[in-house]
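Take a look at the structure set out below.
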Amino acid sequence: MLTLIRREIRDHIVYFIAAVVFSAILIAFLTAAMYNLDWVGSVVFEALSVPILIILVLGFSAMGVTQMYLDRNRRISAFLSALPVTRSRILTARIIAGLLAILIVLVPLTITAIVMGRLTGPPIPISSGHIADILTTVFLMTFACYCLGLLTGWTANKIAPTFGALGLNLVLVSLVFVKGFGPNIKFLLVLVIVACLIRTWHKFMSTSL
Amino acid sequence: MNDNVIKVENLVKYFDGRCVLDGINLTVPRGCIYGLLGRNGAGKTTIIRILLGTEPTTRGDTFLLGTESTNLAPKDRGRIGCVAEGHNLIQNYKVERLIKLCKDLSLQWNHESFDHLIETFRLPMDRRVKNLSMGMRAQLNLALAMAIDPELLILDDPTLGLDTVARRQFLELAIEVIQKQDRTILFCSHILSDVERIADRIGILAAGKLVVDCPLEQLKERVKKLRIIFGESPPENLYLTEIVNQQIHGREMTVTVANWNRQKQAILETFKPSSCTEIPMSLEDIFIECTRPGTEPVQVA
């Protein structure tokens, strides 16, 4: 399994590098905001939060699409399944790699938020429960978009995964903006994740490689 | 212990409403070298893909090493070496990386044999797979399949793209594998002389059916091509069953009959032909007769 995860990471290293860079930029902004740099705080929390979120979800969705699209069109799983590897392991390794990329962005961000929050207090009035809500929802949203990418990426057609994933992601992001970070949206996101994973699993396990 | 390494039961496969495999039944015992033949599009690769679990069936079951193809566990897959048609390797990997990946995923790796093969084939380690020639890709694929000391080796047109020397090397390698006890090989190729050289059992696919499934020697005995000359014009009907092909030129009739036996010989003699001579047939001749377009599939088994 470790070999398969390593292979996924190495094959899609660009997404992992982008995740590290993106995480570093976010941490820099967050740190600056926490040190009472009011203009940065307002820029981050008011003007940049939407584009940051969109970049985040589209990036991870693109990662899911790329993993599945390249696999299908380069027939990677067809080759791997001739080795002592099962399809379920290939897909599990892929999902773990995706989760790792998401965690690379979110874990340092969470740690920074907690540490800086304790050291200096949040830049805007916010409870620790809210921070947890926001981070959980962002995690679920990015993972849901990644799963949508996995689902739409398993095709030989280039247009379907690009526009299919884009459209579905925008619907999800809009829902989060409309519903906020409450339990309803979390439940909905979990449903989307479960549905996408079941469908992707079924598709990947039963299709010809 | 079940000694059939490969078992196919009533296999049916449709592609877009077209029947490619129509009720195939096939067993390959342990230690057998099975040459699976058929024209392009006959369904050889489909059978192999179904056996390896990369293609779903429409109906029927397939088993490898006693386990259903769809449920092959990694430990079963680790006993199977495979050279796929078109040498389906990860194209954007460097040779070295691909080898490392296969080595890391394999349950066993024969370093000595693999290094020997790589040295023999002189494969460039730092080149990407997509930049290798077809022949080099075939050699790499073969070396990777052999490195795990497979109990079952599945070769789908493995010599495609190889030059004469490399092809000979491959055949010698295959023979080396055969000599190891209990190794089984399923071998598809269009180069029938290769198949004839190494296979001890032959299967021929035609019109979605397995029209031939018997040992090579038996096949040569059972399919007979006869040149019969009659005193007058030849009879319209010889009343022989399982005629694969029949041609008439004046008083001469050339007939290919499957499952030749004494009974059929006796029926033929009732027509009192002036002469009846057997035309020797190679595997290629038999294959051409059995897969000739327009002929009804005749079972030779």
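Remark on the protein assembly as shown: ratio of C-alpha radius of gyration to 2.2 N^0.38 Å is 1.31.
With the cut-off at 20 Å, tell me which of the pairs B:K225/B:K264; B:K94/B:K130; A:K203/B:K103 have Cα atoms farther apart than that. A:K203/B:K103, as the Cα separations exceed 20 Å there. Taking a ≥ b ≥ c as the square roots of the Cα gyration tensor eigenvalues, with a/c under 1.5 meaning rounded and otherwise prolate when a/b beats b/c, else oblate, which class fits region A:2-206? Judged from the Cα gyration tensor, region A:2-206 comes out prolate (a/c at least 1.5, a/b above b/c). Between the helical axis of B:134-147 and the dominant principal axis of chain B, each derived from Cα atoms, what acute angle in degrees is found, rounded to the nearest 10? Taking Cα atoms only, the helix is inclined about 80 degrees. Angle of helix B:95-105 to the longest C-alpha principal axis of chain B, folded into 0 to 90 degrees and rounded to 10: 90°. Considering only B:S106, B:S133, B:S69, the Gaussian network model of chain B with Cα springs below 10 Å gives its largest mean-square fluctuation to B:S133.
Expressed to the nearest 5 percent, the antiparallel share of DSSP beta bridges inside the protein assembly as shown is 70 percent. Once divided by 2.2 N^0.38 Å, the Cα radius of gyration of chain B becomes 1.14. Taking every DSSP helix (H) stretch of at least 4 residues in the protein assembly as shown, weighting each as -39,500 (n - 2.57) and dividing the sum by the residue count yields a mean residue ellipticity at 222 nm of -17000 deg cm²/dmol. In chain B, Cα pairs under 8 Å separated by at least six residues give a relative contact order of 19 percent. For B:L21, the amide hydrogen comes within under 5 Å of the amide hydrogens of B:K13, counting only partners 5 or more places away or on other chains and with H modelled in the peptide plane. Placing unit charges on the Cβ atoms of the charged side chains and taking the dipole of the protein assembly as shown about its Cα centre, the candidate lying farthest along the positive direction among B:A199, B:M281, B:I148 is B:I148.
Straight-line cross-link reach from B:K44 at under 13 Å between alpha-carbon atoms covers these aspartates and glutamates, not counting any fewer than eight positions away in the same chain: B:D22, B:E55, B:E85, B:D156, B:D157. Isolated cysteines in the protein assembly as shown, defined as those with no second cysteine Cβ under 4.7 Å, comprise A:C145, B:C19, B:C32, B:C82, B:C102, B:C188, B:C214, B:C276, B:C290.
Would region B:77-170 count as rounded, prolate or oblate if I go by the C-alpha gyration tensor, calling it rounded below 1.5 in a/c and otherwise prolate when a/b exceeds b/c, oblate otherwise? The shape class here is rounded. For chain A, hydrophobic long helices are taken as DSSP H runs at least 24 Å long by C-alpha position along their axis with mean Kyte-Doolittle hydropathy of 0.5 or more; these are A:13-34, A:49-74, A:87-120, A:128-153, A:159-179, A:183-206. What aspartates and glutamates sit close enough to B:K272 to cross-link, taking a C-alpha to C-alpha distance under 19 Å and skipping anything fewer than 8 places away on the same chain? Cross-link targets: B:E232, B:E236, B:E252. Cβ-to-Cβ counts within 10 Å put B:L238, A:L119 in ascending order as A:L119, B:L238, the fewest first.
Taking Cα centre as origin and charging only the Cβ of basic (Lys, Arg, +1) and acidic (Asp, Glu, -1) residues, the dipole magnitude of the protein assembly as shown rounds to 920 debye. Axis angle, to the nearest 10 degrees, between helix B:111-121 and the longest C-alpha principal axis of chain B: 70 degrees. Each 10 Å bin from zero holds the following percent of Cα-Cα pairs in region B:252-295: 21, 50, 28, 1.
FRET efficiency for the A:V107 to B:S133 pair, using the beta carbon distance and R₀ = 45 Å, is estimated at 0.45. The loop-placed trypsin sites (Lys or Arg not before Pro) in region A:91-190, going by DSSP, that have at most 15 neighbouring Cβ atoms within 10 Å of their Cβ come out as A:K158.
The slack in the chain from A:A156 to A:T207, taken as 0.36 nm per residue of separation less the alpha-carbon distance, amounts to 17.1 nm. Entry note, region B:185-301: relative contact order of 33 percent, from Cα contacts under 8 Å with a spacing of 6+ residues. A simple charge model with +1 on the Cβ of Lys and Arg, -1 on the Cβ of Asp and Glu and nothing else charged puts the dipole of chain B at about 480 debye relative to its Cα centre. For the protein assembly as shown, build the charge dipole from Cβ charges (+1 Lys, Arg; -1 Asp, Glu) around the Cα centre, then report which of B:P29, A:T120, B:H249 sits farthest towards its positive end. Working it through, the farthest residue towards the positive pole turns out to be A:T120. Using a simple spin-label model with pseudo-atoms 7 Å out from Cα toward Cβ, A:L48 and A:A132 lie 2.7 nm apart.
Bear in mind these aren't lab numbers, they're just calculated from the coordinates by the rules spelled out. Since we're looking at a predicted model, the values are computed, not measured. For neighbour counting, all protein chains shown are included, and Cβ atoms are generated from backbone atoms with ideal geometry for every residue, glycine included.
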